[in-house]
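Engineer: Can you keep this structure in mind? I'll have questions shortly.
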Amino acid sequence: MTGVEINVNGRQYGLEVEPRTLLSDALRDGCGLTGTHVGCEHGVCGACTVLIEGRPVRSCLMLAVQADGQDVTTVEGLAGPDGLNPLQEAFRAEHGLQCGFCTPGILVTLTAHLADHPDATEAELRHAVSGNLCRCTGYQNVIAAAVRAARSASARSASAQSDETEPTATGPGETSTAPTGPTATGPVGIEPATTGPLGTAITRREDHRLLSGTATFVDDIALPGALHAHFVRSPHAHASIVTIDTSTTRGIQGVVGVFTGADLAAWTVPLRVAPPIDGLVPLETESLPTAKVRFVGDPVAVVVADSRYTAEDAAALVRVEYEVLQPALDLAASLEGRAPLVDETVDSNVVFREHFSAGDAATAFAGAHRVVRTRFSHQRMTHAPMETRGCAAVWDAGRAELTMYTGTQVPHPYRTQLAARLRLAEHQVRVIVQDVGGSFGQKLIVHREELAVAALARHLDRPVRWREDRIENLTAALSAREDSAEVETAVTADGRILAVRARLTSDFGAYALFPANYMLRVVAMMLPNAYRLADYEYDMTVVLSNKIPASPMRAPMAICTWVTEGTIDAIARDLGLDPVEVRERNMLRESELPYVTAVGETYEDITPYRTYRTALDAYGYAEFRRRQHADRKAGIYRGLGIACLVEPTTYGSAFYRSAGIPGSGHESAWVRIDPSGAVVASVGIAPAGQGHETTIAQAVAAGLGVRPEDVAVRLGDTEVAPYGMGTRGARSGTAGGGAALLAAQRLKDKVLAIAREQVGTSGAPGSGAADGSGLDVRDGEIVRAKDGGHVGTGVALADIARTAYLDPLSLPPGMEPGLVAHLAYDPPPMTYSNAAHLCEVVVDPVTGQVRIERYLVAEDAGTMINPKVVEGQIHGAVMLGTGGVLYEGVSYDAEGNNLTPTFRDYVLPSAQEAPRIEVLHCGTPSSRTPGGMKGMSEGGVMGSIAAVTAAINDAIAPFGLVMEDLPITAPRLSDLLAGRTAALPTE
Amino acid sequence: MKPAPFDYARPRHLAELLGTLVDGDVLLAGGQSLLADLNERKRSSRRLVDINGIGALQRLDVGPDSVVLGALTRHQTLADSPEVRAAVPVLSCAAARVGHAAVRTRGTLGGSIANADPAAELPGIGVLLGASAQLRSPDSSRRVDVEELLHPRAIGEQEVIVAIELPRMTSRDGWGFREVSRPGAYAFALVTVAATLRLAVDGTVSALRAAVTGAAPAPYALGDAAGELIGREPDQEWFGAVADLLVGRADPVTDLYASAAYRRRLIRHLTHEVLADALQRAREAMS
Ligand SMILES: Cc1cc2nc3c(=O)[nH]c(=O)nc-3n(C[C@H](O)[C@H](O)[C@H](O)COP(=O)(O)OP(=O)(O)OC[C@H]3O[C@@H](n4cnc5c(N)ncnc54)[C@H](O)[C@@H]3O)c2cc1C
Ligand code: FES
Ligand code: FES
């Protein structure tokens, strides 16, 4: 141990550190400044960036001893104790953050850049933040915020230089509200149905703590005396475990113990996934493997020690003897029964099969003008949230209760699972979710590591914590989307679709942590998209392999849009028609709604044709084709991709029933008014960056008649929040927001009932006010309808609350004291939103690089609770889909070694790659949900996979090539184009 | 992941450094490669000897014919320093392309050369300009071409790169530097091409240097092969001849990021762009 003196944010810290202690850890653990985040520890993500003597530095690539005697500035030191600085304010105003995990590093990086370059242009700022990864925002609003800050910075420096400047509208406490950035956003067509707190782009309440570095992510939770867990992982894709020798770690100071699958088997119950679904093979997963490992990264033992450093030292000493087996990596071999068995308890790697048929495809094919054949194959991806998985478990032996801090999207179902697997009563477990640095589907289940940590906390009677490192996250967390489709489409001569036959396959990875049909089922369900299709057949096959287990990832159905839209483009190509025309011929019109699809889903309140036309008109389609033609003659390969999509959202209980999956789609909320009139609400959902605290406050405000800023929202703690199904499948807005709105309305009924006693009911009946008595609540005051408007009564919500709690005898006869409403809401089985994406690219045939020149989305997500949040979701979703098309991929070699274990190899797009996205809104309210809300947040992924790929295929059409496999990396595209010559455009 | 334990020393002077070095020590310069390797436990070391406190490694001397840069010169200094920009603009341009601001704050010229990544920008510039390195060890001192250092085990166990010496470019030298890098936040170069050229009054080429990184186990230069290209008109055909020579010397690999064929095509593509840049600058310098 060495003593170091570091001046951080103007305060001197004397720390005792090891030579190897990273500066990032010293700042977080030694100084307690947890605003500096750790996202990779290999220098790539930028989350840990701090200033040293004013210069940006990766604190994970510097030793604490090297900072001895230096001045360090962290995000906590950017602004004074109260409030935010102009840069932080710009991020808040532009919604430049979602989960906020990346934000401190971005703020610090931009602080340094703007200090040197106050006049930085948008392109320079984009470049400056391109060493900071963000998985949520798609960078669009990050750049908008940076531009806004640069404008105000240069305005400030200009006014500082000149004596006689006029006061500027910008600067601290700025009032300028002019939109910056490229987004041409504005409502098209109908305005949102509801005004007031719904549909208002208020800034998010989460942002202050995220921007100032005072948020609480899992690793930020202070737990004195907590032990650290670290997992020993398999270096082999497939191997029998012969022995595990832990004696080598004995005597290492600080090591508490090493535990294996045998220990976990004694303490916990294995995971059995066996819903009664036809064609699904029931499967079981041990808490930790005892007999064999099934992928590189599979955990085989866990070391517990007093520090993470020591735990890793000991883990390196654990000797596991393996007998290496042949891995199953090739899907075709598994289908033909030639591959080694991944799971010996079943007799094949094929764990799900289904054949479905609607209508009479055979007849349609027999009479078709032509059969168009297409193929689509998406590579394996991984979620890569900027905050990796992690948890901290505290066992209270006296009360026999476990508190689990983690970042799950579904606190209550997580608690149910965790308690059952630990053989505890549900009330013995409390799950607390605080700030979460992104999830995208990776934080939906009780992970094996988390179960082990919880069991160890109980066994050792000491708090135990675990934070996954990036290599573990990329090799062993969860993966997704290794799906492919082979499609035959029967068409008429004029491009009308008569019937579709699809063969869908998916590589599920090493374990069934979800039902094996969970994701592919939605692909098949949504494949008909927005088109008329009665005769539809599909075959679905899911196989196990020796790869990271699969899971849903933001838009589990995502490839469906690419499949359908790619098929439409193929029809146009084969028949020599314009793809726009083929869509015209097949697309459902609003007059045909409600429409029951071939798989039995009911579309209503959707506007696919409208968003399609809106997008095309706004884009200038005909003009584009002229430009494309002229450019081709000059050797510039420009292409336009069109993708229309229908996005399933909400997932009510009836959907699960019909899918044969046990479970519920309901959501619960309570809203309470305290005796002082303070309003607090809670819902069962748990945010991972989506801004639910803000949107739930808006929904409650709308239902109750108060200002959103007066509603406190408590999410993520199972002791506080009512039992709900959590955040997934784009359901939080409709199910969560819906439950909150309805609970608030119910509470308002009670408020008005009390108010009638207090102020009388002299309002005009039927005046449109809430209860027909003429009374309503507005901005926390009881108002009375008058002359088509409202007048105050002088009675505040606080007065009603006081009566309700402290003067119960003045309440209407029989009424219970207090003001609280609790409500569970089961939303419709599905609400659908829809969108059209247009993407324009230019392909450089030599380097293979694809530049996105323009990206436009026309979307209809019904009533928007908060348009800024909706747009942010679209930006992030489009970037996620685009990353899959162009850059990302989990790669394995022939032995099953993972080739993409770091952010050097698993390439997340940076701000340099991010398209600018224009969003047009067409808000058609859902007739089935409170306030007309629909879900959204996954459609952007669906649309972008299809649109970006289609744009590339359009651009390279002169080379006679169609890309059917992703990702279309620059080297790969260049290799395919090399040696081909482009056909010159005909006149 | 966290590094395995090590001891740490931070000598204040070159003499102290040379006096303390023993076999198995690992020098810590900017740490932008080394610490990532240590964090991932791909490397470990009994002791890190931090050279950041040694003033003698931080010199920046611009002489009439040459530039001497201490091994600890940061990438950001190479990119920003007006003296370096004036004396070896191609080096500044390349340094600005290394990583991101935070990496450039700490990463060093000596570390980059010692690290010898086949695609790294700065060793390529060393090879382009025929730079030499001054090395010291507890019992020896030598000067070698940077090109010779870029091979495995070229630097001895207890050897320290003290400084790099580069010939100063003149105002008549046109130059170009371009790269195609991987996408994303890491954005390491796949292939870089750099060139300098000078024109005679009749517009023919009187001097030419060119170097490639990322297409062979180590960066390589045109070297003597440039001879046959001198005295010729720098037209498209000439560009092609330069590219042919550079591609001919390539020995690229196929890996996760790109095929060997792609890397070869990049050399050709970048060579044309870089020569066009260099030619334009040379012409501007003449007029
Ligand atoms: C996110 C990221 C992006 C990057 N992008 C690029 C890029 O685009 N291009 C690029 O070229 N590099 C890139 N790098 C690497 C960076 O340039 C490193 O700084 C450089 O490779 C090593 O320099 P260093 O001073 O950091 O050396 P260190 O990491 O400290 O040391 C590297 C090795 O050199 C040895 N060494 C260091 N100094 C000396 C010396 N004076 N004498 C003898 N041996 C010495 C060390 O012992 C060690 O073995 C990137 C790094 C990161 C983290
Ligand atoms: S760059 Fe330091 S944690 Fe990612
Ligand atoms: S907001 Fe950037 S990672 Fe979530």
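Engineer: Which of the chymotrypsin sites (Phe, Trp or Tyr not before Pro) found in region A:67-159 are loop residues per DSSP with 14 or fewer other Cβ atoms within 10 Å of their Cβ?
Structural biologist: none
Engineer: For chain A, what is the relative contact order in percent, using Cα pairs closer than 8 Å and at least 6 residues apart in sequence?
Structural biologist: Working: 2471 pairs, mean separation 139.8, N = 987.
Reported relative contact order: 14 percent.
Engineer: Count charges around residue B:68 for me, please; just the other residues with Cβ under 13 Å from its Cβ, Lys/Arg as +1, Asp/Glu as -1. Working shown, then result.
Structural biologist: Working: positive: B:59, B:143, B:168; negative: B:61, B:65, B:83, B:165.
After counting each charged neighbour, the total is -1.
Engineer: Write out the trypsin sites (Lys or Arg not before Pro) in region A:213-285 meeting two conditions: DSSP loop, and at most 11 other Cβ atoms within 10 Å of their Cβ. Show your work: numbers first, answer last.
Structural biologist: Values: sites: A:233, A:250, A:272; in loops: A:250.
Passing both the DSSP loop test and the Cβ count: A:250.
Engineer: Under 12 Å from the Cβ of residue A:940, count the other residues' Cβ atoms, weight Lys and Arg +1, Asp and Glu -1, and hand me the total. If you can, show how the numbers build up before the last one.
Structural biologist: On the way: positive: A:554; negative: A:647, A:859, A:871, A:938.
Surrounding charge for residue A:940 is -3.
Engineer: Still on this model: Go through region A:690-705 residue by residue and turn each phi into a ³J(HN,Hα) via Karplus (6.51, -1.76, 1.60, θ = phi - 60°); whole Hz please, and just put x for glycine and proline.
Structural biologist: Values per residue, Gly and Pro as x: 7, x, 5, 4, 6, 5, 5, 4, 5, 5, 5, 4, 5, x, 9, x Hz.
Engineer: Sticking with this structure for a sec: Compute the relative contact order of region B:7-50 as a whole-number percentage, counting only Cα pairs closer than 8 Å that sit 6 or more residues apart in sequence.
Structural biologist: On the way: 39 pairs, mean separation 27.2, N = 44.
Here the relative contact order equals 62 percent.
Engineer: Under 14 Å from a point placed 7 Å out from the Cα of residue A:658 along the Cα-to-Cβ direction: which residues of region A:486-524 have their backbone N that close?
Structural biologist: A:522
Engineer: Which of the lysines could a cross-linker span from residue B:42 if the Cα-Cα distance has to be under 20 Å and same-chain partners fewer than 8 positions apart are dropped?
Structural biologist: B:2
Engineer: What are the lysines whose alpha-carbon lies under 19 Å from the alpha-carbon of residue A:547, with same-chain residues fewer than 8 places away excluded?
Structural biologist: Partners found: A:292, A:443.
Engineer: Compute the label zone of residue B:244 within region B:191-205: residues whose backbone N is under 19 Å from the point 7 Å along Cα-to-Cβ.
Structural biologist: Only B:205 pass the distance filter.
Engineer: Taking the Cβ-Cβ separation of residue B:157 and residue A:962 as r and a Förster radius of 51 Å, what is the calculated FRET efficiency to the nearest 0.05?
Structural biologist: E between residue B:157 and residue A:962, to the nearest 0.05, is 0.35.
Engineer: List, in order, the whole-Hz ³J(HN,Hα) value for each residue of region A:279-289 obtained from phi through the Karplus relation with A = 6.51, B = -1.76, C = 1.60 and θ = phi - 60°; use x for Gly and Pro.
Structural biologist: Each residue of region A:279-289 in turn: x, 9, 7, x, 9, 10, 10, 5, 5, 9, x Hz.
Engineer: Rounded, prolate or oblate: which one fits region B:175-286, using the alpha carbon gyration tensor with axes a ≥ b ≥ c (rounded when a/c is under 1.5, else prolate when a/b beats b/c, else oblate)? Working shown, then result.
Structural biologist: Details: a/c = 2.60, a/b = 1.80, b/c = 1.44.
Cα axes put region B:175-286 in the prolate bin.
Engineer: Just need the Rg to Rh number for the protein assembly as shown, please, alpha carbons only, Kirkwood Rh. It would help to have the intermediate numbers written out before the result.
Structural biologist: On the way: Rg = 31.8 Å, Rh = 32.7 Å.
Rg/Rh for the protein assembly as shown comes to 0.97.
Engineer: Check the straight Cα-Cα distances from residue A:750 and name the lysines below 29 Å, setting aside those fewer than 8 residues away within the same chain.
Structural biologist: Answer for residue A:750, where 29 Å is the Cα cut-off: A:786, A:934, listed by chain and number.
Engineer: If you add up the charges near residue B:106, with Lys and Arg at +1 and Asp and Glu at -1, over every other residue whose beta carbon is less than 10 angstrom from its beta carbon, what do you get? Intermediate values should be presented prior to the final figure.
Structural biologist: Working: positive: A:55, A:58, B:74, B:104; negative: none.
Residues close to residue B:106 contribute a combined charge of +4.
Engineer: Roughly how large is the A-B contact in terms of buried accessible area, totalled over both chains, probe 1.4 Å, nearest 100 Å²?
Structural biologist: Working: alone 34450 and 13190 Å², together 43830 Å².
Chains A and B together bury approximately 3800 Å².
Engineer: Which percent of the accessible heavy-atom area of the protein assembly as shown goes to carbon and sulfur, probe 1.4 angstrom?
Structural biologist: On the way: 21690 of 43830 Å².
On the protein assembly as shown, the fraction of accessible area on carbon and sulfur atoms equals 49 percent.
Engineer: Enumerate the amide H contacts of residue A:401 below 5 Å, restricted to partners 5 or more residues apart or on another chain; note that Pro and chain-start residues carry no placed amide H.
Structural biologist: Answer set, sorted by chain and number: A:396.
Engineer: Please work out how much length the chain gains when fully extended from residue A:980 to residue A:822, using 0.36 nm per residue of separation minus the C-alpha to C-alpha distance, in nm with one decimal. Mind showing how you got there, number by number?
Structural biologist: Working: separation 158, 0.36 × 158 = 56.88 nm, distance 6.63 nm.
Taking 0.36 nm per residue and subtracting the Cα distance, the gain is 50.2 nm.
Engineer: For region B:151-187, which trypsin sites (Lys or Arg not before Pro) pass both filters: DSSP loop (anything but H, G, I, E, B) and at most 11 other C-beta atoms within 10 Å? Please list the in-between numbers first.
Structural biologist: Working: sites: B:153, B:168, B:172, B:178; in loops: B:153, B:168, B:172.
Loop-located and lightly packed - B:153.
The values are calculated or read from the model by the stated rules, or taken from the named source; none is laboratory data. Please read all numbers here as calculations on a predicted model, not as lab measurements. Counting neighbours? That spans all protein chains shown, and the Cβs are built from the backbone with ideal geometry, glycine included. Just so you know, the surface numbers come from the protein's heavy atoms only, side chains and all, with ligands and any DNA or RNA stripped out. Shrake-Rupley method; radii C 1.70, N 1.55, O 1.52, S 1.80 Å.
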